[in-house]
1. Please work out if residue 64 is of a type in the set (Gly, Ala, Ser) and not in a strand (DSSP E or B).
2. Of the residues that make up the range 72-81, is at least one over 16 Å from residue 122 (Cβ atoms), in contact (Cβ under 8 Å) with a residue 24 or more places away in the chain and crowded, with 23+ Cβ neighbours inside 10 Å?
3. May I ask you to verify whether residue 106 is more than 24 Å from residue 163 (Cβ to Cβ), at pLDDT below 95, out of contact with any Asp or Glu (no Cβ under 7 Å at 6 or more places or on another chain) and among the small types (Gly, Ala, Ser)?
4. Against the condition surrounded by fewer than 19 Cβ atoms within 10 Å (Cβ to Cβ), under 15 Å from residue 23 (Cβ atoms) and of a type in the set (A, V, I, L, M), how does residue 159 come out, does it pass?
5. Just to be sure, is residue 78 of a type in the set (Gly, Ala, Ser) and either farther than 22 Å from residue 227 by Cα or in contact with a strand residue (DSSP E or B) (Cβ under 6 Å, 6 or more places away or on another chain) (or both)?
6. Quick one: which of 122, 99 is buried (at least 23 other Cβ atoms within 10 Å of the Cβ), part of a strand (DSSP E or B) and either in contact with a Pro (Cβ under 8 Å, 6 or more places away or on another chain) or among the charged types (D, E, K, R) (or both)?
7. Return the pairs, sorted by first residue and then second, in which the second residue is of a type in the set (D, E, K, R), the first residue lies in the range 198-225 and is at pLDDT 95 or above, the beta carbons are less than 7 Å apart, and the residues are 6+ apart or on different chains.
Amino acid sequence: MRLLIGTILAATLALAPASAPFAVSYNSSADHGTNTSTSWTKSYTAPTLTDGMLVICIVGDVIGGNDDITGVTYNGVAATLIRKNTAGSANNRFLYMYAIAGPTSGAHNWVITNTNSHFRSATIGAYEGMSSTFPPDSSAANQNTTNTTLTSSTTVVSASSWLVMCGSQSYTGSGLTAGTGTTKRVQEAGFLTNALFDSNGTVSTGSQSLQYTTGAATDNVAIVASFAPAGGAPVSPLSAMINAMIRGGVDR
């Protein structure tokens, strides 16, 4: 009888839709400004986030200069380096993407330290519904020196992920403009060389990209990362039941 009931239950659950993971969403962004020193401390007010993630794009020293950022913290908690881009020519600067999961809401300090004193700029994006697992779903660094358009691609593994991109350029005339399938959230206003973009929605698995354009075919560099939703990929009720049976959670 138990076997018969289990079979009927399994057939019923097989027809039910899969349970969805938590949805990723954009909350807000900030131009964090510029600074020249070895230690940059500046307040930032983090919003209240559910399964929150702060992504910070940092433009550092010039290529050929000092790739020397030694720490990035928010409210004393260390951010994780997602990827850095040290390609390009001396016309451009090193580009870094850091992220911190579950940030404390309210006004607290970002502290960015480096060994040598040099220019830095930063932009910040706040998101909800993102997995706190590091490294994220995937990431990649891309660059070009011959086009005004840079397409930055990464291989997405988890369904319902979002793409987030840090972009930088050496041309300061017009800033960075979002391209196909891309939303610009914020740009550093002083020199127009640091911007944060995202997909403004979920993307399919496989190779996916974000894109930006600039006013001149100079050095353009980017870092793109795929952030999976909190809760992981969708799980069907049937799969959940079978897993429970394997673990001994259902009387067979």
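1. yes
2. Looking for residues that are over 16 Å from residue 122 (Cβ atoms), in contact (Cβ under 8 Å) with a residue 24 or more places away in the chain and crowded, with 23+ Cβ neighbours inside 10 Å, one finds none in the range 72-81, hence no.
3. Answer is no for this residue.
4. yes
5. no
6. The unique qualifying residue is 99.
7. Here the result reads 198/185; 223/83; 225/83, each pair linking the range 198-225 to a residue that is of a type in the set (D, E, K, R).
The values are calculated or read from the model by the stated rules, or taken from the named source; none is laboratory data. Please read all numbers here as calculations on a predicted model, not as lab measurements. Positions of Cβ are generated from backbone atoms using ideal geometry, with glycine treated the same way; all protein chains shown enter the neighbour counts.
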